[in-house]
1. So, in nm, how far is label VAL318 from label SER221 when the simple model puts each one 7 Å beyond its Cα toward the Cβ?
2. With θ set to phi - 60°, apply the Karplus curve 6.51 cos²θ - 1.76 cosθ + 1.60 along region 135-143 and write out the HN-Hα couplings as whole Hz, x wherever there is a Gly or Pro.
3. Decide, for region 152-279, between rounded, prolate and oblate: order the square roots of the alpha carbon gyration tensor eigenvalues as a ≥ b ≥ c, take rounded if a/c falls under 1.5, and otherwise choose prolate if a/b is larger than b/c, else oblate.
4. Short version: ³J(HN,Hα) in whole Hz for each residue of region 281-292, in order, from phi by Karplus 6.51 cos²θ - 1.76 cosθ + 1.60 (θ = phi - 60°), x for Gly and Pro, what are they?
5. According to the square roots a ≥ b ≥ c of the eigenvalues of the Cα gyration tensor, what is the shape class of region 92-159, taking rounded for a/c under 1.5, prolate for a/b larger than b/c otherwise, and oblate for the remainder?
6. Can you run phi through the Karplus equation (6.51, -1.76, 1.60; θ = phi - 60°) for region 293-306 and list ³J(HN,Hα) in whole Hz, with x for Gly and Pro?
7. Provide the packing ranking of 117-125, 305-313, i.e. peptides ordered by the mean count of other C-beta atoms within 10 Å per residue, highest first.
8. Show the residues, 5+ positions off or on another chain, whose built amide H is closer than 5 Å to the amide H of GLN141.
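Any read-out appearing in this document is the output of simple, stated calculations on the displayed coordinates, not a laboratory observation. Quick caveat, the model's predicted, so the values are computed rather than measured. Virtual Cβ from ideal backbone geometry, glycine too; neighbours counted across all protein chains shown.
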Amino acid sequence: MVRRISAFVLCLLCLAGCTHSSDEDVLDGRDTISETPSHSESPLGKRFEYDRRVIGSEYGEQSEGAHPSPDGRYQVRVNKSNIFIETSDGKRFDWFDSGSDWGPRAMDFSPDGRFFAVAVPDSVIIYNFHTKNPRALISKQLINIRFSDDGNYIVGEEFLEHRSGRFVTFNVHTGKRTTSPTPPTVEDRSDPKIWQSDELAIVNKGRRVIAAGVDGYFVWSVSDRHLTWMPCGCQPTGAAVDRKAHRVAYMLPEGRISLWRTSDRREISRWKLPKAVDHGREQIYAGAAMAFAEGRDYLLTYFLDKGEVWALPKGEFVGSWKGSTK
């Protein structure tokens, strides 16, 4: 997954209305924001090793190191156009030429470990680990891709010059492709004409897509080609959506996380991150990375070589680490 670092403008936080459920409390403007412990916890160990390596590729280490599969059986290394597939102990399993000397624009594993997908300028290539067969599905200028939770569908975003990109879905087995309408203009102050997603999710057997990015997320009902824009009103520097499309998280420049529930489209929790200090000066959270843990109720954040893990939905601090995510 490739994420775009968005420009940002500081603004007032806009909170949604109030409803309540048994496990998640919606903010109503009077809640106490969770404070983050300032001390560093002990290393998190192997429990979050996979998620830490994934967030590393999203933070700008896409071409460095090995990219692990969720089941831990394989890992992928990239060398320009060549995609090398290894077993977890580093032994060569297979390789293929992606046809792009510029390397991949995005990549993802299916959660069940059956497939690996890589986006290049003219297609998305799906590799089957059982057959060792890479298959290309034509699609131009994909800048973001992601498998569905069951591994049967892929959603991508096509780059369109001077306008917001369209979303594209693929049936992994039949190759059927569906393209969304061009998203309407979004009031993104960094560029009022162009909106791009930070992360995508496809659910309901390929019938629903969530695209999270600057200042909100799109909901695409694939069957009727309808796009709905859900603004957060908070001018985040980044966004993430979990693979099952249950929650969207926003990174706010002043160092807070805003967590939204997509079922009723409301903010359900908000908490503070540790102060970001570089060379003795406090920094704004611009360029920070975050990712939902695969199949678990945790969110990982990473900035200035420091990372934290938060238990959801309330954003309770679990632990931290220092140094590279690789």
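1. 3.5
2. Once θ is set to phi - 60°, the couplings for region 135-143 become 10, 9, 10, 5, 6, 8, 6, 6, 10 Hz.
3. It is prolate, given that a/c is not under 1.5 and a/b is the larger ratio.
4. 10, 6, 10, 7, 6, 10, x, 6, 10, 8, 7, 6
5. oblate
6. Result, rounded to whole Hz: 5, 5, x, 9, 8, 9, 10, 9, 10, 8, 7, 6, 6, 10.
7. Packing order, densest peptide first, comes out as 117-125, 305-313.
8. ASP122, SER123
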